[in-house]
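What follows is one structure encoded as structure tokens, with my remarks underneath.
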Amino acid sequence: MNIRDLNPTHHTHVGFTMFETDRVPAAWLPALRRAAVLWVPSAFGRDVFVAAGLDPARIRVIPLPTDPTLFHPGVVPLTVGTPAAFTFLSIFEWTRRKGWDVLFRAFLEEFGPEEDVRLLVRAYRGGGVTGRRARPIPEQCAEFLAAHGLSNAGRRRIEFIDTMVPDAQMPALYRAADAF
């Protein structure tokens, strides 16, 4: 049974989806083709779905909304870790699919130990990473760096936020970074 069978009186079926990769899972395509219109939050997403064979005339870019009462230029940056001349921020679930290994390698290969730059990471456990037996994320990062001959030493560094950041403080966390 598909969505149209469940809602026979609806005249239009709009799909909203996103996928942060360069291809769409083949299993998604039949359902996506049944939608009269497909909304995606970015031009990149549109290009990915078009490349998967979906009709570009039925795909609309609808950016995700933000709350301007929370996210605005006057937000005071959150003080976290050791400041640097330039801060990159990445927030993600701690799974290999998110490419943290690629991010860390690229960051440490691009910047030398003498450069005053940092990568601030708010990674959280989700999905299949639960329980007491899971090692702390900074420990897993250090193990990865050592295994690949990379160093987190010098002025450029990877720092972790290992506590929950309340929703009300997220705008301040974003303002603490120069690039997301």
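The charge dipole of segment 28-68, taken about its Cα centre with unit charges on the Cβ of Lys, Arg, Asp and Glu (plus for the first two, minus for the last two), comes to roughly 200 debye.
Put simply, the amide H of residue 78, placed in the peptide plane, has neighbours under 5 Å in 173, 175, 176, leaving out anything fewer than 5 places away on its chain. Along Cα→Cβ, 7 Å out, is where each label goes; now give me the distance between the ones at residue 155 and residue 9 in nm to one decimal. Between residue 155 and residue 9, the simple spin-label model gives 6.7 nm. For residue 114, the solvent-accessible surface with a 1.4 Å probe is about 120 Å², rounded to the nearest 10. Would you tally the net charge around residue 119, using a Cβ to Cβ cut-off of less than 9 Å, leaving residue 119 out, and scoring K and R as +1, D and E as -1? In short, +2. Only one residue of 82, 172, 24 has its Cα farthest out toward the positive end of the dipole of the chain, where Lys and Arg carry +1 and Asp and Glu -1 on Cβ, and that residue is 24.
Counting charges near residue 91 (Lys, Arg +1; Asp, Glu -1) among other residues having Cβ under 12 Å from its Cβ returns a value of +1.
Counting Lys and Arg as +1 and Asp and Glu as -1, what is the net charge of the other residues whose Cβ lies under 13 Å from the Cβ of residue 19? Don't jump to the answer; show the numbers that get you there.
Values: positive: 23, 46, 97, 98; negative: 20, 22, 47.
With Lys, Arg at +1 and Asp, Glu at -1, the neighbours total +1.
In terms of accessible area, using a 1.4 Å probe and ignoring ligands and nucleic acids, 90, 151 rank largest first as 151, 90. Against the longest alpha carbon principal axis of the chain, how many degrees, from 0 to 90 and to the nearest 10, is the axis of helix 137-147 turned? Compared with the principal axis, the helix lies near 70 degrees. When +1 charges are put on Lys and Arg Cβ atoms and -1 charges on Asp and Glu Cβ atoms, the dipole computed for segment 1-55 relative to its Cα centre reaches about 140 debye. Here the convex hull built on the C-alpha positions of the chain has a volume of 180 cubic angstrom per residue. Dipole magnitude for the chain: about 620 debye, using +1 per Lys or Arg Cβ and -1 per Asp or Glu Cβ, origin at the Cα centre. Among rounded, prolate and oblate, which fits segment 92-180 when a ≥ b ≥ c are the square roots of the eigenvalues of its C-alpha gyration tensor, a/c under 1.5 means rounded, and a/b larger than b/c means prolate? Oblate is the answer for segment 92-180, as a/c is 1.5 or above yet b/c matches or exceeds a/b.
The values are calculated or read from the model by the stated rules, or taken from the named source; none is laboratory data. Please read all numbers here as calculations on a predicted model, not as lab measurements. Every residue, glycine among them, receives a Cβ derived from its backbone with ideal geometry; neighbour counts consider all protein chains shown. Ligands, DNA and RNA are stripped out before the accessible areas are found, and what is left, the full protein with its side chains, is counted by its heavy atoms. Shrake-Rupley method; radii C 1.70, N 1.55, O 1.52, S 1.80 Å.
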